[in-house]
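What follows is a set of notes on a single structure, which appears directly below.
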Amino acid sequence: MLRLMSAKRVVIYMPDALVEALNRVTAISPRSRSEIISAAVERYLAEAPAADPASPDEAFFDRVAEMMQSGLLQPGDFSDQASEEPRPKSKLWIN
């Protein structure tokens, strides 16, 4: 995995025990945590069944439901935009 690649910073949440295990492995490995995590994600994606491209909305709603069940999202985290009054425009336009 020692090749040049474009990269983006990603924030992930992991259980403390998993972070501690990752830190122990990283301490004795020549690879960084980022390299170890990237390799694990690449392997997971290679082994995972292909996503159904016909239903991206369904996958999104499944993920939201999963996050709500785990406590990461609460129903009150979202406001109902349709019931709110429209916001006034910040500038007046005169024709």
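The values are calculated or read from the model by the stated rules, or taken from the named source; none is laboratory data. Nothing here was measured: the structure is a model prediction, and the numbers come from that model. Cβ coordinates were reconstructed from backbone atoms using ideal geometry, including for glycine residues, and neighbour counts include every protein chain displayed.
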Residues of the range 24-51 satisfying the condition of being among the basic types (Lys, Arg), assigned to a helix (DSSP H, G or I) and more than 19 Å from the chain's Cα centre (by Cα)
Arg24
Need the failing condition index for Ala21 against (1) at pLDDT 85 or above; (2) not in a helix (DSSP H, G or I), just the number.
(2)
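One line per residue, one yes/no per condition, for (1) surrounded by 12 or more Cβ atoms within 10 Å (Cβ to Cβ); (2) within 25 Å of Ala7 (Cβ to Cβ):
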site: Asn23; (1), (2): no, yes
site: Ala27; (1), (2): no, yes
site: Glu35; (1), (2): yes, yes
site: Ala39; (1), (2): yes, yes
site: Tyr44; (1), (2): no, yes
site: Pro49; (1), (2): no, no
site: Gln74; (1), (2): no, no
In the range 56-70, is there at least one residue being in a loop (DSSP other than H, G, I, E, B) and surrounded by fewer than 12 Cβ atoms within 10 Å (Cβ to Cβ)?
no
Of everything in the range 3-17 that's hydrophobic (A, V, I, L, M, F, W, C) and surrounded by fewer than 10 Cβ atoms within 10 Å (Cβ to Cβ), which residue is modelled with the highest pLDDT?
Ala17
Those residues of the range 60-78 which are at pLDDT 75 or above and farther than 24 Å from Pro15 by Cβ amount to Phe60, Phe61
